[in-house]
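Enquirer: The following block contains the structure, expressed as structure tokens.
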Amino acid sequence: RIRPRWRRASGGAMEHEQGAVERVGQSEVDSVAAPEKEEPPERSFSRVGADYGESVEDPVEQRKQERSVSPARQQKSRESISSFGGSSSEKRGGIWDGYIRHGSNLFGNDADTQPTCWAAFSDSGRAFLWELRRKALVTVQHPDIWLTGLLVLLVLLAATLGSIFAWSNEESETMRFNAKVMAKEVATAMSHQLDVALIPLITMRNYVKQLSALTALSDSIGVRGEPGSAPVANGAKGITHRNMTGVFDAQVIALFNNIAKDVRSTTGIDEIVMAIELAPKAVVSMIHPLTETKTLRNGKVVVQDHNGAIGHDLLNDPNRAAIAEATVPAPGVVIAGPLVLVEDDIVKTLIARLPINIPGQMMIVGGKEYECWGFVVALLDWEQLIEEVGVYSRFENAGMLFSLTRTDRVKQSDGTFFDKVVTIAESKEITASGGNITMPEDKLTFALNMTNNEWVMAVGYRNGFMVSWLSYSIVLAVFGSLVFTINIIYSLVNRKEHKLLLFRMMPKGAIVKLQKGESVIEKYEQVTIFFSDIIGFTSMAGDMTPIQVMQMLNELYTIFDELVEKYDLYKVETIGDAYMVLGGAPNVCPPSEGAEKIAMFALAALDAVRNFHKEDGTKVLIRCGVASGPVVAGVVGRAMPRYCLFGDTVNFASRMESTSKSMKIQIAELTYFLLKNARNNSFVLTKRYGPDGLPGIEVKGKGRVPTYWIDGIQGHLFQDCGRTSREPAYLDDEERALPFEESGGGGGVCAPLGARNLNPLDEHFRGGGGLASYSVDTVVLATSNSTSPSTRVLLGAPSDV
């Protein structure tokens, strides 16, 4: 690259000095003759909204005044991009803004002050939120990332939740099996305990059959209402009792008490067997013990007084009639309860009745006569029975709840019966909760065939057969899956960003070759290269801090980067204030298409620069150059590899930029021909003339070469030499643009002759069928549409030729 510099000449004027810089692809050091008058020697500062070239006598003072430019106008100038550049993007935030606001101290404090904890925390929080937002945008913009994350999440949820539910179902089945086993064990234990408790009934039945004194008790009671029978008792109990006064003598009563005492004590379960009764004709006649004070296992002291039960006529008590009527014809023991007895309102009692069948002893039930003497009755302490079995402790130790219910058939006053379901035992946890804890809906029920009435045991767990850890496991599985998915997405985003960063640094094909360890050498037959440079950058940078310079370049070239992406070009590099773009490679396209994209990019870049201002309100001016031709691209070295271009076309494009003018796009002749053949746009191309009135400019190493300006496209001219940026392509008759068909391309429009301030003796080629040239004293180099564009013909006077 040849970068022009300015040096202070005598008298304070600025002269253009050619800096010696090594040219890409060429080792020798070149220098270039001073270009035509393209820039004013003194620094020129343009106000916001002022015309280009308006100078300020005191730039420093003027900058102070222009710092008052409103931030809204500065923001508008940064965001404004013409129809060529597309819509403006939002302003980038980041480290440059932080450095500009706070200097090198990112926390915003003075350099000598330590940042506060809150400032550090708030800045870290903002940085985290910004990073999170950026990651989210990358995720949304690339469907492959969030689709992969969604797939990973679904797979994880399916795997984890599937395993959890499978394990939960297995545990639930195990719990159901354990509940069944526990219910069966408890039922078996209760049945065994009842069998033991019923031994006194069988023993007493045998005594009644064998002892005539006891057998005669039935005749002493008699049939209710018959003469000589025990009368119906009058009093509080009404017709439910019979008057037993004087029915039995003392010797019979003493005989019963002795037998009952021996039977009860020999069983060893006197705490369970509360009393033994004889009920001839279904009338309770004798009870042992009649009264007793006993201390139960739970420490409760109970005074049992059964005097109120003497004379109880069971067949005529609506609450007992059903069970009594069922006992008479029964072949074995009939158990009722547990009930709270009339004479004892504390202890729940099981009433076990065993009918005694003696020949000649008859009872009538429901109009039917049965051979039955009456019953022998055992009153069993229900609480002591289930404590002996260990019902509560068994279920409690297993972590289960249970409920035991019975269904009693109760006779109503009208003679009809109804079923009454009563809870006879339940877990202490349910009882203590006062109704807050109940049996779950998901429970197992078992019918216990232990008594004449229907007993049902329900077994379950507090949460049913759903394992207690299921809900927590689901939450943990979902949370863990989300965290893992987020980590996967975060890794994919980082990988995508890394990949995109690599693709921004060099072409994808070059990266693939480097990853394979191959050398990257690519040859392109015809590409178009764009160079731009900021005018007066050295002086401008001297008036700004390094951070402000980086801020300005970052904002400006970020806009250029967006335009590069819009027109599908390749940004080669930025060297200081220079910007280099490649068209037609590495994404190969037809040469005319590559040149057209570069031209559109260059026009959009100029329009963006026109609307770009520094923070103090001053404008930035650039010059642009474009050349087309063959190049060789490749990556040199291994440390910090860069994708570089080599060849004369690179140098030629750089010369086009260095010899260009402020806010102008200078193109080489080959680029001109390519643009004339552009398919999508018709560009306004103007031939450049030197100060001597001859076409072309002097380029070191090439001599005088023809170059052209890109003024715009048809219907849209860019600001140049006093024209407005929206001036139509066709002007007044006096300054009408003339058709320019030098190469037979046709259709182009050149700038008006007067607008270029050219030598009147110079004239454009006209027509399309032959050669047309006119010159005074020089030989003109021209081309004809009858020959190929690369064929050159010397024209002039015959003697000169």
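The values are calculated or read from the model by the stated rules, or taken from the named source; none is laboratory data. It should be emphasised that the depicted structure is a prediction, and the values quoted were computed from it without experimental measurement. So basically every Cβ, Gly included, is an ideal-geometry build from the backbone, and we count neighbours across all protein chains shown. Accessible surface areas use protein heavy atoms only, side chains included; no ligands, DNA or RNA. Shrake-Rupley method; radii C 1.70, N 1.55, O 1.52, S 1.80 Å.
Enquirer: Consider Leu147 against the criteria (1) open to solvent by less than 80 Å² (accessible area, probe 1.4 Å); (2) free of Cβ contacts under 8 Å to residues at least 60 places away in the same chain; (3) of a type in the set (A, V, I, L, M): it satisfies all of them except one. Which criterion is unmet?
Expert: Here Leu147 clears every test but (1).
Enquirer: Hey, any hits in the stretch 486-495 for a residue that's touching a residue at least 24 places away in the same chain (Cβ under 8 Å) and among the charged types (D, E, K, R)?
Expert: no
Enquirer: Sticking with this structure for a sec: Condition first: within 57 Å of the chain's Cα centre (by Cα), assigned to a loop (DSSP other than H, G, I, E, B) and of a type in the set (Val, Ile, Thr). Can you find one or more residues in the stretch 654-663 that meet it?
Expert: yes
Enquirer: Could you list, ordered by first residue, the pairs with Cβ atoms under 9 Å in which the first is in the stretch 329-351 and under 16 Å from Glu277 (Cα atoms) and assigned to a strand (DSSP E or B) and the second is open to solvent by less than 10 Å² (accessible area, probe 1.4 Å) and modelled with pLDDT under 75, at least 6 apart or interchain?
Expert: Close Cβ pairs satisfying both conditions: Thr349/Gly337; Leu350/Gly337; Ile351/Gly337.
Enquirer: Kindly list, by first and then second residue, each pair from a residue in the stretch 451-466 that is modelled with pLDDT of 80 or more to a residue that is open to solvent by 80 Å² or more (accessible area, probe 1.4 Å) and part of a loop (DSSP other than H, G, I, E, B), limited to pairs with Cβ atoms under 7 Å and residues at least 6 apart or on different chains.
Expert: Going by the 7 Å Cβ cut-off, the qualifying pairs are Gly464/Glu441.
Enquirer: Quick test for you: out of Leu606, Leu582, Leu556, pick the one residue that is within 25 Å of Leu502 (Cβ to Cβ) and assigned to a helix (DSSP H, G or I).
Expert: Details: Leu606 fails: within 25 Å of Leu502 (Cβ to Cβ); Leu582 fails: assigned to a helix (DSSP H, G or I).
Answer to the check: Leu556.
This table checks each residue for (1) among the β-branched types (Val, Ile, Thr); (2) open to solvent by 50 Å² or more (accessible area, probe 1.4 Å).
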site	(1), (2)
Asp249	no, yes
Ile269	yes, no
Ile272	yes, no
Ile276	yes, no
Asp313	no, no
Asp317	no, no
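Enquirer: Testing Phe479 on (1) open to solvent by less than 40 Å² (accessible area, probe 1.4 Å); (2) in a helix (DSSP H, G or I), one condition comes back false. Which one is that?
Expert: It is condition (1) that Phe479 fails.
Enquirer: Can you report the number of residues in the stretch 221-258 which are modelled with pLDDT under 85 and closer than 17 Å to Val284 by Cβ?
Expert: Total satisfying the criteria: 23.
Enquirer: With the requirement that a residue be farther than 22 Å from Pro507 by Cα, assigned to a loop (DSSP other than H, G, I, E, B) and charged (D, E, K, R), what does the stretch 517-553 give you? Give the derivation first.
Expert: The first filter runs over the stretch 517-553 and keeps only residues farther than 22 Å from Pro507 by Cα, leaving 533-553.
Now restrict to residues that are assigned to a loop (DSSP other than H, G, I, E, B): 535-536, 543-545.
Hit for the stretch 517-553 is Asp543, nothing else.
Enquirer: Among the candidates Val512, Val475, which residue alone is over 20 Å from His142 (Cβ atoms) and free of Cβ contacts under 8 Å to residues at least 12 places away in the same chain? Lay out the reasoning, then the answer.
Expert: Numbers: Val512 fails: over 20 Å from His142 (Cβ atoms).
Going through Val512, Val475 in turn, just one is over 20 Å from His142 (Cβ atoms) and free of Cβ contacts under 8 Å to residues at least 12 places away in the same chain: Val475.
Enquirer: Next up: Limited to the stretch 412-441, what total is found for residues that are part of a helix (DSSP H, G or I) and open to solvent by 50 Å² or more (accessible area, probe 1.4 Å)? If you could, list the steps in order and put the result at the bottom.
Expert: Residues of the stretch 412-441 part of a helix (DSSP H, G or I): 428-432.
Then drop every residue that is not open to solvent by 50 Å² or more (accessible area, probe 1.4 Å), which leaves 428-429, 431-432.
Matching residues across the stretch 412-441 total 4.
Enquirer: Let me ask something else. Mind checking whether some residue in the stretch 210-222 is of a type outside the set (Ser, Thr, Tyr), touching a strand residue (DSSP E or B) at 6+ places or on another chain (Cβ under 6 Å) and closer than 29 Å to Val391 by Cβ? Show your work before the answer.
Expert: Step one: of the stretch 210-222, the residues of a type outside the set (Ser, Thr, Tyr) are 210-211, 213-214, 216-217, 219, 221-222.
Right, trim to touching a strand residue (DSSP E or B) at 6+ places or on another chain (Cβ under 6 Å) and you get 217, 221.
With the extra rule that they be closer than 29 Å to Val391 by Cβ, the set shrinks to none.
No, there is no match, as no residue in the stretch 210-222 is of a type outside the set (Ser, Thr, Tyr), touching a strand residue (DSSP E or B) at 6+ places or on another chain (Cβ under 6 Å) and closer than 29 Å to Val391 by Cβ.
Enquirer: Only one of Arg623, Arg679, Arg638 is assigned to a loop (DSSP other than H, G, I, E, B), in contact (Cβ under 8 Å) with a residue 40 or more places away in the chain and within 51 Å of the chain's Cα centre (by Cα). Can you tell me which? Talk me through it step by step, then tell me what you get.
Expert: Numbers: Arg623 fails: assigned to a loop (DSSP other than H, G, I, E, B); Arg638 fails: in contact (Cβ under 8 Å) with a residue 40 or more places away in the chain.
From the options Arg623, Arg679, Arg638, the qualifying one is Arg679.
Enquirer: Just to be sure before I move on: is Lys614 under 22 Å from Met505 (Cα atoms), open to solvent by 10 Å² or more (accessible area, probe 1.4 Å) and basic (Lys, Arg) in the structure I sent?
Expert: Against the criterion (under 22 Å from Met505 (Cα atoms), open to solvent by 10 Å² or more (accessible area, probe 1.4 Å) and basic (Lys, Arg)), Lys614 does not qualify.
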